[in-house]
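So the structure is just underneath, and the comments pick up after that.
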Amino acid sequence: MKYLITLLSILALTVSTALFAEEEPRFTHARFVEGERSMQSQITFPDIDGDTEVVVSCTGHATAKGRLKDARCSAPNDPKLMFTMAVSRRFNSVRLTPAIVNGRAEEVDFQFTVVFKKLGESETFDIYLHNMKNVERLGLNYIGAQRYSEHPWPGRCLEFTRDDLIMEVAIVNELGIASEFDVLAANFGMSVACRNGFATHLQNGKWIPALHDGKLVESVWAQPRIDMKSTFKRQQ
């Protein structure tokens with residue numbers, strides 16, 4: 001009888017542990033750390049006169065070691081780049097909690113937005129870990145999808161060698177599967193074969209889905225990049 005009770009206890013513990021393991025998240029998103037090395041602590045509001053609101057959009061790579069690299073920012077209504085540089089000059093100082101997939105730290109495409117507002121004497125800025133493409137459906141408080149697969153220059157794009165703005169777009173569902181791909185080149189255009197090469201990277205990509213209210217959700221993923229063939233390769 002004691003043996004049976006012990007066996008049942010072990011079985012119950014095993015089942016409980018298995019159920020708990022299944023509830024643990026498979027994905028953990030890259031995020032800025034808190035404290036002294038956080039982006040929030042590192043940014044200083046630019047010294048300007050008058051009321052304003054400036055949205056600075058940034059994209060880069062959050063490395064598996066918690067660094068930010070290859071990052072670029074832009075803001076259409078920041079002609080003197082004061083707000084853009086207030087963010088960009090902090091890239092080497094900030095630290096991140098790396099993305100985790102199945103217990104392993106991964107380098108991911110990392111997008112964030114900084115919204116600066118000045119109204120009278122009040123100066124504030126807020127940092128959001130997304131590209132602002134899903135605000136109407138999800139609101140401001142979500143984390144955007146993050147791609148963790150390599151994406152070297154497609155072999156079908158050998159003729160495309162000029163600097164250009166390339167926009168990759170996809171819908172990433174709650175399982176991390178991408179669909180409805182689109183790839184655009186702002187200035188020079190690209191052949192159908194080249195565009196299909198980029199789309200193949202998106203289709204075969206590995207993704208951490210967007211996170212909203214503690215749940216993985218479908219989202220629009222859009223990533224601008226200004227690149228040449230020689231600089232596009234993912235640096236792992």
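The values are calculated or read from the model by the stated rules, or taken from the named source; none is laboratory data. What you see is a predicted model, and the numbers here were worked out from it, not measured in a lab. Glycine also receives a Cβ, built like all others from the backbone with ideal geometry; neighbour counts cover every protein chain displayed.
Scanning segment 219-236 for residues that are at pLDDT 90 or above and either in contact with a helix residue (DSSP H, G or I) (Cβ under 9 Å, 6 or more places away or on another chain) or among the β-branched types (Val, Ile, Thr) (or both) yields SER219, VAL220, TRP221.
Do you know which residues across segment 39-59 are crowded, with 17+ Cβ neighbours inside 10 Å and under 19 Å from the mean Cα position of the chain (by Cα)? Write out each step before concluding.
Quick first cut of segment 39-59, residues crowded, with 17+ Cβ neighbours inside 10 Å only: 39, 42-43, 46, 54-59.
The answer is MET39, VAL55, VAL56, SER57, CYS58, THR59.
If you take the residues of segment 119-146 that are at positive phi and among the small types (Gly, Ala, Ser), which of them is nearest to the chain's Cα centre (by Cα)?
So the first thing to find is which residues in segment 119-146 are at positive phi, and the list is 120, 132, 139.
Next, only the ones that are among the small types (Gly, Ala, Ser) stay: 120, 139.
Working: GLY120: 33, GLY139: 17 Å.
Ranking the qualifying residues of segment 119-146, first place goes to GLY139.
Here segment 70-120 is the region considered, the condition is being at pLDDT 95 or above, under 17 Å from ARG147 (Cα atoms) and charged (D, E, K, R), and the residue that is surrounded by the fewest Cβ atoms within 10 Å (Cβ to Cβ) is ARG104.
Go through the residues of segment 147-165 one by one and say whether even a single one is at pLDDT 95 or above and under 30 Å from CYS194 (Cα atoms). For segment 147-165, residues at pLDDT 95 or above and under 30 Å from CYS194 (Cα atoms): present. The single condition among (1) at pLDDT below 80; (2) at negative phi; (3) not aliphatic (A, V, I, L, M) that TRP207 does not satisfy is (1).
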